[in-house]
């Protein structure tokens, strides 16, 4: 770092006088520091974004444009069964996300009170979040296979194998099995974020509540929940949008979305690379983005109008970050 | 969070209340133990299978312990035949490059956005903010065309560049951190004759260390685990394998040899586990910051 620092500092020695003008120097810094990230943002986000919208109006493969079809690609997503089914499949993951949030809230509350070995529990429950998605796919393929891990453990609790379903083959169950995997993976992450939020609640509030004879449930309901509802909402939205993008574990476990487990994302991948319907795949991506934007706007409206008073209760850190985003700097 | 137990309150509890507390305590530890058990069980099952020979794997019960915990044959197989050794080298190289580059450009951009008012400041912030709403992987169809045009398919450099380019969270973390660094630092340095470059590289950059650690860990783990674009842009698997693509390729040759696949899975987890053990706090606090990106 120091090498680079020196190299950049060497510059004013040759152009010292000109460079000494603060305004010149300021613009020099702005351009040199912002250029690379802006180019990357343009090339890898906004240009492909524009192209994506453009492509979505054509019937095309990777190399060949067949015809301009207007909004037909979009119509197709909402009318053809297999596309629409993939979208409905997200409902499973959303239901899973609800369960995941409730569990995360429960464990975060437990761990916020004095707990023996609390950090160990926290670490164990959180760790799955860091594991490679492909690895998780393999782990759970092994876990759910008939007669393997899950069946053996349930067998040890006295449930005979004949009474157990085929976790991955039975179409009534396999999506729930996959959703459970997703809960296993992300619950700890939600929990850690909730713990962070609960930590910022003033300790004296609990003492006062305990003084007044409030039990744990009352403490949760009247002290903890009101002060962290913002971050709970935020996590809810993130889980919902995340559930549309579930990819790796179901992809690996089911070998690419067999037996009716192709999530929206897997379907999009197949449309683009297997069926080579690039136009339709782009339309799917646009639809996904619109859904995400709708949820984000709903979230903003919810914060503004429903949680009006909740903004003041936001954990300190989040509050600060929000101001970072919103304030236009007015310094030099 | 420690709730200070007031002795007066404790004394005033009736027996019924005390029994209730004991029951609540039991329920608490029971549920925590159960959750930890569920979190660990799938990993544990994978770990024990990784030490079984082919024959043992075929004959023994899935949850039976392996005969020999020092039998590293499966690990050797994935390291050499499954090219995990090569994959680790590639992944580590990519992670280091991306992390260094991300820290540099992220902190530089955050410095400019935080310390200078200029027309376009708000626009740049909004462009980055809006970019978080666009699902990155969904755009790969068109990004692929761009990568193709620049000849960046099957190029490690292209992959690294792409990983840096889609980075928004690190900019937020740095922006947030700059808010806490007082302007007086800059001003006194300028009075002493520093240029803005000097202010950034000599004064502020070293102070960013905590934010850097957070960005490096979160970004590093993300890149290390990344599969989708690695698979898409590093197509020549004989030349470029990352941890994820190497692992995914096990569906082929080792399809039924779960003992070998599990050895691969366990191997990929080791670096993550080490980082987790040593940098727990940085990961937890980084998550809180990254959460607000949406």
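What full-extension length gain, to one decimal in nm, is calculated for residue A:81 and residue A:35 as 0.36 nm per residue of separation minus the Cα-Cα distance?
The residue A:81-residue A:35 span can extend by a further 12.0 nm.
Other chains near A:135-146: what is the mean number of their Cβ atoms within 10 Å of each residue's Cβ?
Average per residue, whole number: 6.
Kindly state, to the nearest 0.05, the FRET efficiency for residue B:237 paired with residue B:56, given R0 = 22 Å and r defined as their beta-carbon distance.
About 0.15, to the nearest 0.05.
Would you mind ranking A:199, A:52, A:187 by Cβ crowding within 10 Å, fewest neighbours first?
A:199, A:52, A:187
Going by how many other Cβ atoms sit within 10 Å of their own, how do A:27, A:167 line up, fewest first?
Listed from fewest to most nearby Cβ atoms, that is A:27, A:167.
Can you tell me how much longer the chain between residue A:102 and residue A:304 gets when fully stretched, taken as 0.36 nm per residue apart minus their C-alpha distance, in nm with one decimal?
Values: separation 202, 0.36 × 202 = 72.72 nm, distance 2.36 nm.
Here the answer is 70.4 nm.
Roughly how many whole Å is it from the C-alpha centroid of the stretch B:142-163 to that of the stretch A:162-177?
40
Please report B:52, B:28, B:67 as a ranked list, fewest other C-beta atoms within 10 angstrom at the top and most at the bottom. Can you show the working numbers first?
Working: B:52 26, B:28 18, B:67 11.
If I rank by nearby Cβ atoms, fewest first, I get B:67, B:28, B:52.
What number, rounded to the nearest 500 deg cm²/dmol, is the helix-based mean residue ellipticity at 222 nm of chain A, given -39500 (n - 2.57) per DSSP H run of at least four residues and division by all its residues?
Values: 17 runs with 225 residues, N = 332.
Helix-only estimate at 222 nm: -21500 deg cm²/dmol.
Which residue, A:124, A:40, A:225, tops the fluctuation ranking in a GNM of chain A built on C-alpha contacts under 10 Å?
Among A:124, A:40, A:225, the largest GNM mean-square fluctuation belongs to A:40.
Per the helix-only calculation at 222 nm, which mean residue ellipticity applies to chain B, given -39500 (n - 2.57) for every DSSP H run of n ≥ 4 and division by its residues, nearest 500 deg cm²/dmol?
Details: 14 runs with 202 residues, N = 294.
My calculation for chain B gives -22500 deg cm²/dmol from helical runs alone.
What do you get for Rg/Rh of the protein assembly as shown when both radii come from the Cα atoms and Rh is the Kirkwood radius?
Using only Cα positions, Rg/Rh for the protein assembly as shown is 0.98.
Could you work out how far apart the two model spin labels at residue A:159 and residue A:276 are, taking each label as a point 7 Å from the Cα in the direction of the beta carbon, and quote it in nm?
4.7
Using label points projected 7 Å from each Cα along Cα→Cβ, tell me how many nm separate residue A:66 and residue B:183, to one decimal.
So the two model labels end up 6.0 nm from each other.
Give the distance, in whole Å, between the Cα centre of the stretch A:199-253 and the Cα centre of the stretch A:26-58.
37
Using only atoms on other chains, find how many Cβ atoms lie within 10 Å of each Cβ of peptide A:21-28 and report the average.
The per-residue average across the peptide is 2.
What residues of the stretch B:65-81 lie in the reach of a label at residue B:92, counting those whose backbone N is under 17 Å from a point 7 Å from the Cα along Cα→Cβ?
Once the point is set 7 Å along Cα→Cβ of residue B:92, B:76, B:79-80 turn out to lie under 17 Å by backbone N, inside the stretch B:65-81.
Kindly identify the stretch A:80-326 as rounded, prolate or oblate by the Cα gyration tensor criterion: order the square roots of the eigenvalues as a ≥ b ≥ c, call it rounded if a/c is under 1.5, otherwise compare a/b with b/c, prolate if a/b is larger, else oblate.
Since a/c reaches 1.5 but b/c is at least a/b, the shape of the stretch A:80-326 is classed as oblate.
Specify whether the C-alpha gyration tensor of the stretch A:25-145 places it in the rounded, prolate or oblate class, a ≥ b ≥ c being the square roots of the eigenvalues: rounded for a/c under 1.5, otherwise prolate if a/b is larger than b/c and oblate if not. Walk me through the numbers on the way to the answer.
Numbers: a/c = 2.68, a/b = 1.33, b/c = 2.02.
Oblate, since a/c reaches 1.5 and b/c is not below a/b.
Determine, from the Cβ-Cβ distance of residue B:129 and residue A:170 and an R0 of 45 Å, the FRET efficiency 1/(1 + (r/R0)^6), rounded to the nearest 0.05.
0.55
Please work out whether chain B counts as rounded, prolate or oblate from its C-alpha gyration tensor, where a ≥ b ≥ c are the square roots of the eigenvalues and a/c under 1.5 means rounded, while otherwise a/b larger than b/c means prolate and anything else oblate?
oblate
The numbers here are math on the coordinates, done by the rules we state, and not lab data. Since the model is a prediction, treat every value here as computed from it, not as a measurement. Counting neighbours? That spans all protein chains shown, and the Cβs are built from the backbone with ideal geometry, glycine included.
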